[in-house]
């Protein structure tokens, strides 16, 4: 069942979602990217589908249009208490990688809901999306797409899934 807290047509983020995917969650978020001392913040419309998430990022220059981004669920590192943490790997020349993290934190907007409903939704968010994330990571491990993972990477992902499952069962 879809949970739409902000209208899907609130922004043009829906344009980046592949055809045939159902939107299961729509909300506003505060995006935080970078490292302490050089953090960037912006407000974005977040759409979650059964296969991925979509949001926007400001253009490089102020007059540039926002960049629309769609990532599949394997790029979600954690479901945080109030949102999501994403992994944004950027390949560099010579096989070096720049690893960036992006936090998407749910934001309250009085236009769309009351403060009490928002607080309740904050509590329900991890309960709803931790199992969803774990299911997607398990599916990825068992698919052909995970064949590139080295043994240690596979064990690390399996360990993460096991620990998150224990955390979820203990907490919720």
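The values are calculated or read from the model by the stated rules, or taken from the named source; none is laboratory data. None of the values given here were measured: they were computed from a predicted structure. Quick reminder, even Gly has a Cβ in these numbers, built from the backbone with ideal geometry, and neighbours come from all protein chains shown.
Of note:
- Listed by first and then second residue, the pairs with beta-carbon distance under 7 Å, at least 6 apart or on different chains, first residue in region 59-79 and on the phi < 0 side of the Ramachandran plot and exposed (fewer than 14 other Cβ atoms within 10 Å of the Cβ), second part of a loop (DSSP other than H, G, I, E, B) and at pLDDT 85 or above, are 59/65; 59/66.
- Among the residues making up region 117-144, those that are in contact with a helix residue (DSSP H, G or I) (Cβ under 8 Å, 6 or more places away or on another chain) and more than 13 Å from residue 83 (Cα to Cα) are 131, 132, 134, 136, 137, 138, 140, 141.
- Within region 29-39, being surrounded by fewer than 20 Cβ atoms within 10 Å (Cβ to Cβ) and in contact (Cβ under 8 Å) with a residue 12 or more places away in the chain holds for 30, 32, 33, 34.
- Residue count for region 105-123 satisfying the condition of being part of a helix (DSSP H, G or I) and touching a strand residue (DSSP E or B) at 6+ places or on another chain (Cβ under 9 Å): 3.
- Test: residue 140 is at pLDDT below 85 and surrounded by 15 or more Cβ atoms within 10 Å (Cβ to Cβ): yes
Listed here are the residues, each with its yes/no results for (1) in contact with a strand residue (DSSP E or B) (Cβ under 9 Å, 6 or more places away or on another chain); (2) within 18 Å of residue 27 (Cβ to Cβ); (3) at pLDDT 90 or above.
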site	(1), (2), (3)
48	yes, yes, yes
61	no, no, no
69	yes, yes, yes
73	yes, yes, no
78	yes, yes, no
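- Residue check for residue 37: at pLDDT below 85 and on the phi < 0 side of the Ramachandran plot: no
- Breaking point among (1) in a loop (DSSP other than H, G, I, E, B); (2) touching a residue at least 12 places away in the same chain (Cβ under 8 Å), for residue 19: (2)
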